[in-house]
Structures are given as structure tokens and as C-alpha cells.
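Colleague: Sharing a structure below in C-alpha cells format, with a few things to ask.
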Amino acid sequence: MTHLTLTVNGREHALDVPPSRYLAEVLRYDLGLTGTKIGCDEAECGCCTVIVDGQSVDSCIYPAFKAQGGQVLTIEGLAQPGPGSQNGGAPELHPLQSAFIQHGATQCGFCTPGFIMQAKTLLDENPDPTDAEIKECLKDTYCRCTGYAAIISSVKAAGEYMRTGTMPDAELPPVLEPLSQIGQPLPRLDAVDKVTGAALYTDDYTFDGMLFGATLRSEHPHAAIREIDADAARALEGVHAVLTHADVPGDPRHGLVENDWPVFAGGAYPARYVGDAIALAVAETAELADQALALIRVKYDPLPSVTDPREALRPDAPQLHPDRPTGNLLKHIKVRHGDVEEGFAASDVVVERTYRTPMTEHAFLEPECALAVPAGYKGRLPSTSKEKADSDHESDKLTVYVGSQIPYSDRRQVAKSLGLDDEEVRVIGTLMGGGFGGKEDIAGQIHAALAAQVTGRPVKILYTRQESLIFHPKRHSTIIRIKTGAKRDGALVAVEAELYGDSGAYASLGEKVMTRATTHATGPYVMPHARIDCYAMYTNNAPSGAFRGFGVTQSAFAVESNLDILAAELGMDPAALRRKNVMRVGAETATGQELSESVGLLECLDLVEEDIKRAKAVDSSLPSSDPWAPVQVGSKRYAWGIAAGYKNTGLGGGAPDKAEAEVEVFPDGTAAIRTSSAEMGQNLVGVLAACTAQELGLPFEKVHVTVMDTDLTPDGGPSTASRQTYVSGNAARLAARAMREQMQNVLAEKFDTHPDVIAFHEGLAYVDERRLARMHGAELPAAGANGANGSAGGILPGSTRSVSFADAVNALLAENRLPKIRYEYWAPQTQPLGTGGDMHFAFSYAVHAALVSVDTETGEVAVARVISAHDVGRAINPLSLLGQIEGGIVMGIGNALTENYIVEDGIPWTERLGQYKMPGIKMTPRMDSHIVEHPTADGPYGAKGVGEISSIPISPAITNAIYNAVGVRCLALPVDQDALLLAMRDGEKEIDGHWGQTGPWLASNGRQPH
Amino acid sequence: MARWRAYHTPATVSEALSLLHEHRDKARIIAGGTDLILDMEANQAAAPEALVDVTRITGIDRIAQEDGWIVLGAGITHTQIESSPLLRAHARCLTESCGVIGGPQVRNVATLGGNVAHALPAADGTIGLLALEAEVEVAAHSARGARHTWQPLLSIFAGPGRNRLAPDQMLHAFRFRPTPARAGNAFDRIMRPQGVALPVLGIAARVRLDAALRRVEEAVIAIGPAGPTPFRATSAEEALTSAKAFDDDAVEDAIAAAQAQASLRSSKYRASQAYRHEMIGVLLKRVLHTSVERARVNEAPAGPEGA
């Protein structure tokens, strides 16, 4: 221990800490200032940015003693105490904090403190920065949610406020006429916490007597485990337990769909990928737990491994799960529609190519953390809910705190492996620093719960970034051979496709993901004949599972690339080819579903095409006749590319899809809505609040939302498949509606009128005299607004027949009615693949166009501009919706240009975040986003999902643009500038290699990967 | 990763060297730490007993003009370099190369000395210094206090990631000559958006033109990575200075000479040898043209005094 003196946020601290502390650790763990986040431990992501003596630093690798005697400013020190803040009043936010809220620049919020601190250093020197200066300042500060556009506009807005005293509003695309709460750009309910550093993620919680767990992971992609010698580790002072497979009291395996993933490899279960857990050390400190791991000796018997999904299908391939009747084949998925032989015979042009997409990583900025508190723990359990009643909730159950996309599934899997009943376990979801599909599977939940039970102490397991990278399921890498046939006039006739998906060592959601890749492999087009076969394979790579886009990202790349090749062969405009074939109302999908409503794809195409043409016309240097023709500017050649896509909303395929929500109203005039659905940054909480507020006629901020708590919230189902707005949104809407109807009944008696004329608006409940008059056949002069749910304009002057919402609740209570209602919403039934029925209850559609530059001297590729249109049914919150769109687009740019999780013969090469580049702010293009609203009948106010579709068409739009620019077709992702340049030099038309290639390229064109 | 057990912040060079000497090879010098700590965290460097933080040594971050030299303390940060008017006037290849390393949070702490000591053949700051024909001042422990010697920059590199400093030696300063009239310099590099943030190729050039502003009289060209240590393309320099005029032919000859002299290799997930070969052409053309343009307008490069 050494003496450290720091002034943090104006307050002096004198501490005795180990000389090896990093500044972020001192701030978080010694001073409890948890607003400073740790995202990578390698100065890569910028989440940990704080200001030391006036300069921003990455505090995660900044030795604390470097700051000895210095002044440190953290996110907690930015807001000034406002009037009344002593008594719990709101602090006065820094302009950046206000702007981040108003412009939607905080989503999951994990990166937000780092961004605000780093942007502050810019604005302090220059309150009028250009976009380029903002991008330079924030170039090494990463956000995975927003796509950075909102961050850039926030910084500009804050600067403007500092210069002029006026904060400009966010620019949002036009949407349908809003209702009082629906269609409004309402700020996030958690936004103030997120911009001030008060927001708590799992690692921000501590408990008295808390121990720390660290996980020993397999070094081999496939190996039987002969012996685990943990005696030395157990003997280390401060180590409380070393747990292995022998310590699992219940089911030794877990899994979301297949029960195939061992809690610990060992015993009957070999290690099947590098990263499989073998043992857990539990100790007084995280450092001691790490030291214990180093003392564990594991004797492996290496087994032959298979890491290519095509090889995994061979009968002589090493078998991962010998107990499975289908061997390494997780699932053969088939789509059969019409007669493809007949279709190709009738086609004038047939195009066939093989495409490849890489394994990619979610790179949510918060690494996984699980914290379990044993049953009988005497201390207080902090609730993640802000409801007063809930913070008093007494529980002595085994409780797991975790940022998880599926709390009830976690509870089921934890209970099963611990040999407990579900009700003996409580899962509390903390705020989540991004998910994107990567926090659906079990990470440390079972380990932490088991360790808490064994030691009788709270146990926290925080994964390092490096551990997170090798451990958690990825996006499937795929190999897709696709053959598309069309008539001379461009009418699509047939598609035949064969997909191999690398599902890795465990099933996770692999079957579901690859099913979606398969069923969407026609693209959003009418396709009379289709034969599509997909082989989802087990291999000794990291498991693959859910990742935004859920398989459709991969097949869309193949479909949309083939379509542009087809357009070129037909001599057709690529937009015209799509226009001829896009799905419209009445079309039938290849799985036999008739689309009876809500197909806004054609409008999306129209909007995007008009914009491209306008963009051409604006710049007089660009030729206007052909929107796809390239333009040379210096060494760069620019061209547009286009692609379309669609994505189901909801689980589909016959899976029961339901969500339950509970509404409660309080005599103080507020309401609560509760469901276990996961908030991971997408602002589901805002959707739930808006739906509830709309139905109850309350201002949005009067609704408390509690999510992700298996004791307090009913099951909302998984946050996956773009389903939560639709399914949980509906559950909240209908629960609130049921409550409103109950209150209408009570008030109707009180006012001696018909329940239907009791209206709720802006915190009032009243007799809508106009409605009443209409009911009696009379007309009153129109006055005031006419909200969907009545309006205050319906109160006649002098009317006494109105009460506050609070009194309406009191009236309810006086009648001994329950102020609480649960509603179980069942989404429309779907049918399994192959039955020809409706596989899905809704689809979202999008068209993306990308203006791409290729440097013809260097091969460097950049996206300058993206024009998009998304049919989302209905915009519930345009601000959050735009965040989903822009974030999805930038993630798709990463998919096309930067991202590849590289595994060499089963050994991850990508071990650090620094080796996995997600798009930084410098890659953010200008984005023009149209919102198209073709409402779907059963969706809440017509809404359907948007979480995934925004990430789907962008990758092929980019590669189509590259082709239009320089005449080279990229058949594999991510695009390799090296290969692209050499192909341009050598006059080659197609590249089947990609960056991060580990094996030989598909075609033997003489070039070797480097 | 096991971490260090002591953290020292000496105020003088001799104090720092004494600490290093006491710990023998069990201590490491830390400046910004942005390379060292990552290497330690990735277990590529063994955890030392002690870290000796040299950034609080008086004068270690100075920028000065002394005796006809521009002198930079080894602890000067990349941010200080980027924002120095003196260096912008005389060492654009250095401000440009140091301005593209990492993000501001890294540049605020990462030092030029650290960049050089890390000894990567593609290190941007090092390539910029090399084109300035910089010398490095090495301070060595001795019984009678610190011993300082100036030596050519290239003399301290042993191989990729290895320098020739003994455990009780440290970099103390760099120096190079101010830019004379009719001289200019520039840096540019090629990155890729994937994988580790190391340049595919970086080139810095410095030229001085004749009185007629037609011919290159002096040229220095530094390229990285083009060998196990930072590389001077001397044959390309000769090609330029032996040409009758700075024109397309002279540039093409310089490119061909640089391509012939450089030892390019394919590095996994970074670049192929063929690509790097092409990039020598692209980058050298860019930096030579920029340097010559700057030289042509550079009549009296006084530059503001001090930093």
C-alpha cells in the first residue's frame, strides 16, 4: 500500500492503495465513483476517459500514481448542484449532458461518460467545432449503439448553447401525426442517470462480504479433460472455493434451445472450443482469484478438431456431440417452393456465385458481469426499479444481478443447474451496456449463483474484455452459394441456395438464426420457385448465436449482391430490377405466407431512389443521367449502391410468442408498468412508458417502468427478433387499456354516465361532453384537440365532471378495486416452416443506398453517405427510432468493411478489442433516414420491429457501390483494400478473398492470403 | 497479469537512473505507458518489480531551440508536439506523424521517447524523426552521476520491438536542425480499418531545393515498416538528388529505388508485400510533392520562438 493523494471533482482524497492500481480502479472501487466505465482495459474504447490536470486520459491503463497530487474530473463532477439539489432536486446539467439527452446520444449509456468527458475537452477550447474536429476529438472513443450521428449533433448543440444560450432541437425525420405520447420524441427515462454517471450496471453494485470469481478456460479447441488439480489454488490464502464440473448439483448442462452446453467442461464433457469454462476460482479479491487460476493444473487429452462447417458435415469428421443422432449437423433447414428446375429452364439469365461472411463480434461496450447473492443474505438487496414500493421488496432468495436479454431464461437455467425450483431464484436485470443478441446465452450467471451458494457470500464475476471476446457466441460465419434466375424483363423466376452456417461448439440459437437466414434467402422479392438448403453445423469454433439481423444479415449480402450482378447482365437499372420484384401487399413469400398488409417496401424504394437522383442533381459536377455511374474526385472514385431487405418481427415459425405486463396506478397520480423484457439501450422502457401513458392519458414522466426482475415483473419473453416493441409494447398497451376501462367503469358510476364517455388526458379523467353529445346524436361545436383517447378539449366550460388522475385512482380504491392488472398478450399465431402457413406475424422492410468512395491508388474504401428508408409500421418514439436506424447502419458498415473475429484452426487470433475494429466515429457517414409507416393491424398503434432491419441491407449496398465505382465485385466480407487494389491493378472483376482470411481463397486465382 | 509492486516518480535523470540501476533488469521505464502497459496486460512483457515514471523529471517535456538545434525532451507528449508552432514550422513530418497516433486520450500521455524506445519499425513518430535526421541523447547510469551522449537515432534500434539501451540507460532528448530556407518535409501513411492499429506503411520525407527551386539538393526519406528497424531509403534519396530537376521522372526513379532497397514483407492481417510495394509508390509520390511544395514557399522559416 502506498499513499495516494488526489483531488477528484474538487474533493481531496488521501488513500492507501497498492502501487499497481490504475486510476479507473481507484475511482470505481476505492472511491465508488462508478460513472467512469471500464470497457476494454487496453485504452481502446475510451469508456474510461477522465480528465487529469486538464487533459483527457484513458484511466483504465493510467497508473493511479501518475495522477499523484493531481486534479481529476470525472463524469460525476460535471453537473453543478442546482437549486434545491440538496433536497433531492435536479442538478444543473452541463450543456453536453443536456444535449446528449435531447439529441438521443445516449442509448445503453455505457460509453456516454467517456464521450461527454472527451467532448468537453474539445468544447472547452473550441465551442464551435466542425464535424471534422469533433470526429478527430472522438476518434478513439467508441459507441456501439448510436452510430455516432446523434453524438456529433449533441456536441454541436452543446457548443451552440455555450455560445448563444440556445440549445437547438434534434433534427428528426417526419412521421405520422403524433398522438399525445405516441410518435413523440420523448427523452429517455434513464437519460439523466446515464449522462451524470449515476446509472448502475452490474459491476457498479457491491455487497458486504462480496467475493470475486475468475474462470479458467480451455486452451484447446477440442480436448477431453483427464484431470483438474486445484489443490494449490485452494490452498492459496484468500481463496474460498475452486469449483469444477464435480460441484454442479443439478443439470450439468444448459442452453437456450438445446441443452448441450456444460456448466463446466470436464468429466463426461470435453472442452469443445477455446474458451469453454473448466473451473471457477472464488477469492477475496479479483487479483487473488486470477492468481488462483494460475495454480490450477489441467491435464488435457487433445482430440481432433473440426473448424470448417463443410468439413464438419463429412461422415469422417471429428464428432463434437456423439450423443446427437444427426452428429455435427445441428439442423438441415429447407425451403421448397415451386419447381426450381422449371424456374431455371424458364429463366433467360441465371447468375450463380458463392459468398462468404465472417464471424463477427457484438462488441457491446460493457463486458459481461454476473453477481449472485446467496439466499439468507442479511444485507439489503438494492432494487433496480425506481418505484418506491419495490425498493422495500424483501427477498431472501438466491439472487442474480446481471445484464441479460432474457431474465426468465436465466432464472430457468440457473435453477436447473443448481437443482432448485425456478421460484427459488430471483434474477434482477441491471442496466445493460449493449446486447445486440450477445447477452441471450448464459455467461457467468450459473457460476456466480453456484459460487454464492457454496461460499454463502455474494460473488461477482466480471469478465475482462479479452475473456468476453473469446467466450460469448458470435454472428455465424457463412458460406452461401446462390443461383438466381430471371426473365429478360427482369422478373425473378427462381432461386437455389445452399448455406453453410458455422454454429460453433454449442447450439445457442444457431438453428433459429440459420432458419431465418434460409427463409429470407429469396430477399424481399416475389420468387415463384425456390429451393434453399441450409446446414447449421457444430464446429470447434466459438459458438454462434443471436446477433442483430439474426442470419438475415448474411443471406441478404448474397441475395442483394446476386441481384446487382443480375441487373448488370440484364442491362437493367438495379433499382428498376428491384422495383419489378419487390414484395407488395398480396405477395406470397417462398415459405407460403401471403402478405396481407403493412408492406411498405415500394415506398421505401421510391424515397431512396428520389433522394439519390436529387443528390446527383445537386452536385453539378456529377452526371445526372445515370445515378449509378462513378465520379472521380482526386484519387477517389465515388458511386452509389443500393440494396433492399426485410426482417421478421417476433419469434415466428410456430413458437408461442407472448409477453405479460402488469400495470399499477397510484393515488399520487402516477402509474407503473412492469415486464421482464430487457432494456439494453434500445429504449424499450420508453416504448413501454409511452404506450402506458397514452392509454391512461398521463404525461409520460408519470409512468414508472420496471423491467427485468423475475420477482417484480411478469415474463416479457426474450429481447430478440425485433419483438419487444410489438409484443411487450402490446402487453403494456393492453394492460393499461384494461386498467383504463376499469377506471372508466368506476367513474361512470360516479358521474352517472356511460363508461365510454369517460376520457383520460393530461392527467385528468373527465366526462367528454362532446363524445356524450355524439352518443346522443347531438353535435357540439368542435373545439380543442381531439386526441385518440379523448381530449381535454372535450370538457365544457364550467363542467364539474372531471377529476385528477390521482382522484380517479382514489375512486377506484374506494370501490375496493385492485389498482393492479396483469395482461398476457399473445401475438398472432404463426406456423412452422414447411407447413405453408404464416411463419411470421409481421415483417419490417428497408432500402439502403450507400455512396462509397474507393481510392484507386490505395484501395481504401469509405462510406460517404447513406440514404435509407425503413417501414416500421409506426414510429412510437422518432428519437429512439432514429437511434436504432443510425446505429444499425453503422454496425452494418462495420460488417462490410471492418469486422471479422478471426479464429485460426480453432485458436482465436482476435483476443483483444484492439484487434477487432468496430466502426469509429470517423466512419460515420452523412445519414438521411426516411421513416415509412405502413401500420400493421395488431402492432401497438401499428408498430413493428426495427432493431435488426437497419443493419441488414447496408453491407450489400456498400459492396454494390464498390462494384459501381471500380468494377470489382467483392464476394466476401469484410472488404480487403489490399485485395481490392491488386484486383484493380490486375484487371480482375471479382474478389473471393476477404480481410482476415485464414484458409485458401475459394477460387484458385494464384493469389495467396497474407 | 501480475503487476508491478513499486511505482517511482523521480524528479531528476540521475535519480531515475539510480533506481533503474538498483533494480537491475527488474524495473521498467514508464512514460505514457500506452505501449508498455498493453504489452504487460497481454503478458507479452513480464511484470517488472518496479516502474520508474520519467515524466516528472524536470525538463523532460521541453521544446527548445539551443545552439542551432531544436531540442525535444524525450517525455514530450504527442499532443505537445502536434500543437507546437515551432515544430509545425520546422518539423511538419513530425507533427503530422505524431498527430495520427491513437486518439487524443492516448496522444495526451504517449511520449515521443516511448514511441522511439518501443522500437517498432513502423512507429509513426520515429519515422518522422528519422526524416529530420534526428539525434538521440542517451543518459546512462554511472557512479559519478548520469552520463549523456548524443548519437544517431538509427543507432539505438536492435530489431522489431527491441532497442539497444541497457537496463540502466534512458532516452533523455532528441535534437535536429531547424528547417533552412527552401526546405520542406511531410509525412503520410496508409492504414487499414481492420485489425491492429499499426500502419500498413508510413513515409516521411525532407527535401531542400536549389536556389532556382528546380532541383532537390538534399533529400531524406524514412519508410516503415521496410525492414526490422526504421529504414532510410538512401538510394531513393540519391535518385532524387542526382536528378537534374524535381519532375515526374525523378519521382518515379526515387520510387523504383525505394522499392528495390526496402525489405518489404507480408504481415498477417496487415498487408501483403505486393500491396506495400504499391504503397511505396503512392505514399512517396504524395510526401515528395508535399515536401517540395512546402520547400518552394519556404523562404524564411524562422518560426515562432519557443513552443
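The values are calculated or read from the model by the stated rules, or taken from the named source; none is laboratory data. Bear in mind the structure is a predicted one, so any value in this text is a computation, not a measurement. Ideal geometry is used to build each Cβ from the backbone, glycine not excepted, and the neighbour counts take in all protein chains shown.
Colleague: State which residue is nearest to A:Ala587 (Cα to Cα) when the search covers only region A:631-681 and only residues that are outside any strand (DSSP E or B) and among the aliphatic types (A, V, I, L, M).
Modeller: In this case the residue turns out to be A:Leu651.
Colleague: Out of the residues in region A:925-951 that are in contact with a Lys or Arg (Cβ under 6 Å, 6 or more places away or on another chain) and among the hydrophobic types (A, V, I, L, M, F, W, C), state the one that is nearest to the other protein chains (Cβ to nearest Cβ).
Modeller: Looking at residues that are in contact with a Lys or Arg (Cβ under 6 Å, 6 or more places away or on another chain) and among the hydrophobic types (A, V, I, L, M, F, W, C), I get A:Ile949.
Colleague: Still on this model: Pairs only if they're at least six apart or on different chains, beta carbon under 6 angstrom, first in region B:23-38 and free of Cβ contacts under 8 Å to residues at least 60 places away in the same chain and outside the structural domain of B:Ala119 (by TED's automatic domain parsing), second β-branched (Val, Ile, Thr) and surrounded by fewer than 22 Cβ atoms within 10 Å (Cβ to Cβ); list them, first residue then second.
Modeller: Sorted first by the residue in region B:23-38, then by its partner, the list stays empty.
Colleague: Can you tell me which of A:Ala90, A:Ala99 is away from chain B (no Cβ under 14 Å) and surrounded by fewer than 23 Cβ atoms within 10 Å (Cβ to Cβ)?
Modeller: On inspection, the qualifying residue turns out to be A:Ala90.
Colleague: Give the residue that is farthest from the chain's Cα centre (by Cα), with candidates limited to residues of region A:807-829 that are in a strand (DSSP E or B) and hydrophobic (A, V, I, L, M, F, W, C).
Modeller: Ranking the qualifying residues of region A:807-829, first place goes to A:Ile821.
Colleague: State whether the residues of region A:988-1005 include one that is among the basic types (Lys, Arg), at pLDDT 95 or above and not in a loop (DSSP other than H, G, I, E, B).
Modeller: Checked against the condition, which is being among the basic types (Lys, Arg), at pLDDT 95 or above and not in a loop (DSSP other than H, G, I, E, B), region A:988-1005 yields no hits at all.
Colleague: Starting from residues that are buried (at least 16 other Cβ atoms within 10 Å of the Cβ) and touching a helix residue (DSSP H, G or I) at 6+ places or on another chain (Cβ under 8 Å), keep the ones in region A:10-23 and report whichever is farthest from A:Asp41 (Cα to Cα).
Modeller: Across region A:10-23, the extreme among qualifying residues is A:Val17.
Colleague: Is it true that A:Ser676 is crowded, with 24+ Cβ neighbours inside 10 Å, among the small types (Gly, Ala, Ser) and modelled with pLDDT of 95 or more?
Modeller: Answer is yes for this residue.
Colleague: Follow-up. What helices (runs of 4 or more DSSP H) lie completely within region A:85-200 and have 3 or more residues being in contact (Cβ under 8 Å) with a residue 24 or more places away in the chain and closer than 30 Å to A:Tyr941 by Cα?
Modeller: A:95-102, A:149-164, A:191-196
Colleague: Now a separate question. Just one of A:Glu496, A:Glu467 is at pLDDT 95 or above and outside any strand (DSSP E or B); which is it?
Modeller: A:Glu467
Colleague: Could I ask something else about it? Of everything in region A:128-150, what is away from every other protein chain (no Cβ under 14 Å) and buried (at least 24 other Cβ atoms within 10 Å of the Cβ)? Give them in sequence order.
Modeller: Result: A:Arg144, A:Cys145, A:Thr146, A:Gly147, A:Ala149, A:Ala150.
Colleague: Provide a single number: the residues in region A:67-80 that are closer than 30 Å to B:Ala50 by Cβ and within 37 Å of the chain's Cα centre (by Cα).
Modeller: Summing the residues that are closer than 30 Å to B:Ala50 by Cβ and within 37 Å of the chain's Cα centre (by Cα) in region A:67-80 gives 5.
Colleague: From the set of residues in region B:14-35 that are modelled with pLDDT of 95 or more and touching a His at 6+ places or on another chain (Cβ under 6 Å), which is nearest to the other protein chains (Cβ to nearest Cβ)?
Modeller: Looking at residues that are modelled with pLDDT of 95 or more and touching a His at 6+ places or on another chain (Cβ under 6 Å), I get B:Leu19.
Colleague: Being under 27 Å from A:Pro407 (Cβ atoms), among the small types (Gly, Ala, Ser) and free of Cβ contacts under 8 Å to residues at least 60 places away in the same chain is the filter here, so list the residues in region A:229-284 that pass it.
Modeller: A:Ala265
Colleague: Additional query: Among (1) in a helix (DSSP H, G or I); (2) touching a Phe, Trp or Tyr at 6+ places or on another chain (Cβ under 6 Å); (3) under 19 Å from A:Ile952 (Cα atoms); (4) not hydroxyl-bearing (Ser, Thr, Tyr), which single condition is A:Ile612 missing?
Modeller: Exception for A:Ile612: condition (3).
Colleague: Here is a further query. For region A:10-63, give me every one of the strands (runs of 3 or more DSSP E) that falls completely inside it and has 1 or more residues that are within 10 Å of chain B (Cβ to nearest Cβ).
Modeller: So the answer is A:49-52, A:55-58.
Colleague: Quick one: is A:Ser98 closer than 24 Å to A:Ala198 by Cα and either within 25 Å of the chain's Cα centre (by Cα) or not hydroxyl-bearing (Ser, Thr, Tyr) (or both)?
Modeller: yes
Colleague: Give me the pairs: first residue in region A:722-737 and assigned by TED's automatic domain parsing to the domain that holds A:His761 and closer than 24 Å to A:His870 by Cβ, second residue part of a helix (DSSP H, G or I) and hydroxyl-bearing (Ser, Thr, Tyr), beta-carbon distance under 7 Å, and six or more apart or on different chains, which are they?
Modeller: Final answer for the pair search is A:Ala732/A:Thr692.
Colleague: In addition: Checking A:Glu911 against (1) within 14 Å of another protein chain (Cβ to nearest Cβ); (2) surrounded by fewer than 21 Cβ atoms within 10 Å (Cβ to Cβ); (3) part of a strand (DSSP E or B): exactly one of these is not met. Which one?
Modeller: Condition not satisfied by A:Glu911: (3).
Colleague: Out of all the residues in region B:40-51, which are more than 9 Å from every other protein chain (Cβ to nearest Cβ) and surrounded by fewer than 16 Cβ atoms within 10 Å (Cβ to Cβ)?
Modeller: Residues satisfying the conditions are B:Asn43, B:Gln44, B:Ala46, B:Glu49.
Colleague: Which count do you get for residues in region A:854-868 that are buried (at least 24 other Cβ atoms within 10 Å of the Cβ), of a type in the set (A, V, I, L, M, F, W, C) and either closer than 17 Å to B:Leu284 by Cβ or more than 10 Å from every other protein chain (Cβ to nearest Cβ) (or both)?
Modeller: The total comes to 4.
Colleague: Taking the condition of being within 16 Å of A:Gly485 (Cα to Cα) and in contact with an Asp or Glu (Cβ under 8 Å, 6 or more places away or on another chain), how many residues in region A:580-596 meet it?
Modeller: So the answer is 1.
Colleague: Criterion first (under 30 Å from A:Ala246 (Cβ atoms) and within 14 Å of another protein chain (Cβ to nearest Cβ)) does A:Glu125 satisfy it?
Modeller: Here the answer is no, as A:Glu125 does not meet what is asked.
Colleague: Is there any pair with a first residue in region A:587-607 that is under 12 Å from A:Met527 (Cα atoms) and a second that is hydrophobic (A, V, I, L, M, F, W, C) and not in a loop (DSSP other than H, G, I, E, B) whose Cβ atoms are under 8 Å apart and which are 6 or more apart or on different chains, and what are they?
Modeller: A:Ala590/A:Val335; A:Ala590/A:Val495; A:Ala590/A:Ala530; A:Ala590/A:Ile532; A:Thr591/A:Val335
Colleague: Kindly state which strands (runs of 3 or more DSSP E) lie completely within region A:338-416 and contain at least 2 residues that are surrounded by fewer than 24 Cβ atoms within 10 Å (Cβ to Cβ) and out of contact with any Asp or Glu (no Cβ under 9 Å at 6 or more places or on another chain).
Modeller: In region A:338-416, there are no strands (runs of 3 or more DSSP E) which contain 2 or more residues that are surrounded by fewer than 24 Cβ atoms within 10 Å (Cβ to Cβ) and out of contact with any Asp or Glu (no Cβ under 9 Å at 6 or more places or on another chain).
Colleague: Just checking, does region B:52-65 include any residue being away from chain A (no Cβ under 14 Å), farther than 18 Å from B:Gly145 by Cα and part of a loop (DSSP other than H, G, I, E, B)?
Modeller: yes
Colleague: Same structure again: Spot the failing condition for B:Arg270; the list is (1) modelled with pLDDT of 95 or more; (2) touching a Gly at 6+ places or on another chain (Cβ under 8 Å), and only one is missed.
Modeller: (1)
Colleague: Does B:Arg175 satisfy being within 14 Å of another protein chain (Cβ to nearest Cβ) and not in a loop (DSSP other than H, G, I, E, B)?
Modeller: no
Colleague: When you scan region A:914-924, do you find a residue that is more than 14 Å from chain B (Cβ to nearest Cβ), at pLDDT 95 or above and either farther than 17 Å from A:Leu469 by Cα or part of a helix (DSSP H, G or I) (or both), even just one?
Modeller: no
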